[in-house]
1. What's the exposure ranking of Lys95, Lys251, going from fewest to most Cβ atoms within 10 Å?
2. Using the Karplus equation 6.51 cos²θ - 1.76 cosθ + 1.60 (θ = phi - 60°), what ³J(HN,Hα) coupling, rounded to whole Hz, does each residue of region 306-317 give in order, writing x for Gly and Pro?
3. What translational diffusion coefficient, to the nearest whole µm²/s, does region 69-297 have by Stokes-Einstein, given a Kirkwood radius computed over alpha-carbon pairs, a temperature of 37 °C and 0.692 mPa s viscosity?
4. What residues have an amide H closer than 5 Å to that of Gly232, excluding those fewer than 5 places away on the same chain, when H is modeled at 1.01 Å from N in the peptide plane?
5. Output the relative contact order of region 287-389, whole-number percent, from Cα pairs under 8 angstrom with separation of 6+ residues.
6. Based on Cβ point charges of +1 for Lys and Arg and -1 for Asp and Glu, what charge dipole magnitude is obtained for the chain about its Cα centre, in debye rounded to the nearest 20?
7. Could you grab the Rg to Rh ratio for the chain? Cα atoms only, Kirkwood for Rh.
8. I'd like to compare 344-355, 298-309: which one has the highest average count of other Cβ atoms within 10 Å, and what's the full order after that?
Amino acid sequence: MIDLMEQDQTYVANTYARFPLTLTRGEGAVAYDDTGKAYIDMGSGIGVTAFGYRDREWTDAVKAQLELLQHASNLYYTQPCAQLAQMLCQRTGMKKVFFSNSGAEANECAIKTARKWAAEKKGPDCQTIITLVNSFHGRTITALAATGQDAYHRHFQPLTPGFLHTPAGDFAALEQLVKEHQVAGILLECVQGEGGVMALDPDFLRRTAALCRQEDILLMIDEVQTGNGRTGKLYSYMHYGVQPDIVSTAKGLGGGLPLGATLLGEKVEHTLGRGDHGSTFGGNPVCCAGAVNILSRLDDAFLEQVAAKGRRIREVLEQAEGVEAVTGLGLMVGVKTTKPVAQVIARCREQGVLCLSAKDKLRLLPPLSIPEPLLEQALEVIREACRMT
Ligand SMILES: *Cc1c(COP(=O)(O)O)cnc(C)c1O
């Protein structure tokens, strides 16, 4: 008998610190390990399985497309790709969509678009893109350059030039950078995910958006983690009353299949022309068919339930012993615990609840569709794990 963990550790690149757990199947908000033990999933992968595992409607939509056509290169039209692009535009007011396969790629497209737009509109020296300290934008060399965390940069120099990082919330510092550099765009997450589940100050974001308009700078929002209903609105920028020029998204969009999207607003809708960008797998019809199903179910009533579940998590955990602070928005929740977060996560896992971390915080990203009784059950386990010494 092959020991699966040993096989994995021997042959899979050593880039992940995996939990000692092998998942074999899932059903809604519950995952099962290879012994048949059930776990309530408070991570959705990492914010991916928006409607849980093998959700009936999503699975049917995916299967139906799989039985028709699994792939068709971007030399041809396919119905799910066109339909999804239209839905994304109609729900956001954006004008066009470029499809890829991941968050990093969605940001790459955003950055390429900004660079070309600025070079054409403002001159070839206008190349700088400002991002925030503590941000996370992905793992490619350019997305790493955008990411405002030095820890991820070590060992990988030289990164793509032209990125500057400024502290979230410090508008004066941002304004200063804009004065001193030729800035093409400002890229930010409304709620920093990997950075510790920190929501941006609304005043900071509104002033940033106003500055972008005034100086003709692109406002680019990274909705890879916050998007597709996660925060209780379709996209997190909708909480803030700003209109971005470019939105990147991925994670929850495909409901578990790889799909990235870069939404292009009026200013940049014609920036990318034939041959400027591409992706072999981008816009895969099976992934898009799944996403069409996800998006069609994220209506106002559903999003209100997401927000209500988020409020319920806060209500329980803010009162809990061993909890110092609760941060985030909607069903994207950060919990600062007194105990080391690794211990809390391990305890939760023993008790049948899967949780994530972000920096030194517990991070909760349950399926948006998690039934209330399961949510209550998971919260009871988490509360207990935070309290235990
Ligand atoms: C996860 C994440 C990314 C990277 O997405 P990948 O699909 O892993 O490339 C980028 N930005 C944010 C905000 C993320 O949370």
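1. Placing the least packed residue first, the sequence is Lys95, Lys251.
2. So the Karplus estimates, Gly and Pro as x, are 4, 4, 5, 5, x, 5, 5, 4, 4, 4, 6, 7 Hz.
3. Roughly 187 µm²/s, to the nearest whole number.
4. Counting only residues 5 or more places away or on other chains, the set is Leu331.
5. Dividing the mean separation by the residue count of region 287-389 yields 26 percent.
6. 320 debye
7. Across the chain, the Cα-based Rg/Rh ratio is 0.96.
8. For the peptides 344-355, 298-309, the packing ranking is 344-355, 298-309.
Read the figures in this text as sums done on the coordinates, not as results from a lab. Please read all numbers here as calculations on a predicted model, not as lab measurements. Cβ coordinates were reconstructed from backbone atoms using ideal geometry, including for glycine residues, and neighbour counts include every protein chain displayed.
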